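The values are calculated or read from the model by the stated rules, or taken from the named source; none is laboratory data. None of these values were measured; they are calculated from a predicted model. Here the Cβ is made from the backbone with ideal geometry for all residues, glycine too, and neighbour counts use every protein chain on show.
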């Protein structure tokens, strides 16, 4: 009989995944099932993202959010479209009510979010999931990560 893995062991397995995008997708599924902590520093090849599952009052109601609380990208990788693709992936697969980009300090990123028309609550920018998009939620198997 295989011993039960701790949350830290599962998080270590997530951090071994080959891409930051894969890490965040598997972390969301694991966090949704209470298999890992509700916040984690993800990293791979010069990209770092701090993610958190939380609750915020957006558009006048309390919602469950995926917080992208911190992003670090190597200087040589900036401006090449990585963040735009990362954003598209996380907003598509996020199982919760909204994706929240917290405390945007980079003027370039701030301008990008404003140009994209994302609403702001004064502390960050966010994208609410439509009820139609909730009908097409992907189902990820955390078992594929060898938990």
| request: Provide a single number: the residues in segment 21-53 that are without any contact (Cβ under 8 Å) to a residue 40 or more places away in the chain, surrounded by 17 or more Cβ atoms within 10 Å (Cβ to Cβ) and over 23 Å from residue 84 (Cα atoms). | output: 2
| message | Condition first: in a helix (DSSP H, G or I), at pLDDT 85 or above and over 15 Å from the mean Cα position of the chain (by Cα). Now tell me which residues in segment 77-107 satisfy that. | response | 107
| query | Within segment 6-24, can you find the residues that are part of a loop (DSSP other than H, G, I, E, B) and more than 10 Å from residue 44 (Cα to Cα)? | reply | 6
| field | residue 40 being more than 17 Å from residue 89 (Cα to Cα) and touching a strand residue (DSSP E or B) at 6+ places or on another chain (Cβ under 8 Å) | value | yes
| field | Residue tally, condition more than 22 Å from residue 42 (Cα to Cα) and touching a helix residue (DSSP H, G or I) at 6+ places or on another chain (Cβ under 9 Å), over segment 78-115 | value | 1
| field | Residue that is surrounded by the most Cβ atoms within 10 Å (Cβ to Cβ) [pool: residues in segment 55-66 that are free of Cβ contacts under 8 Å to residues at least 40 places away in the same chain and under 15 Å from the mean Cα position of the chain (by Cα)] | value | 66
| task | Would you check if residue 69 is closer than 21 Å to residue 103 by Cα and surrounded by 12 or more Cβ atoms within 10 Å (Cβ to Cβ)? | result | yes
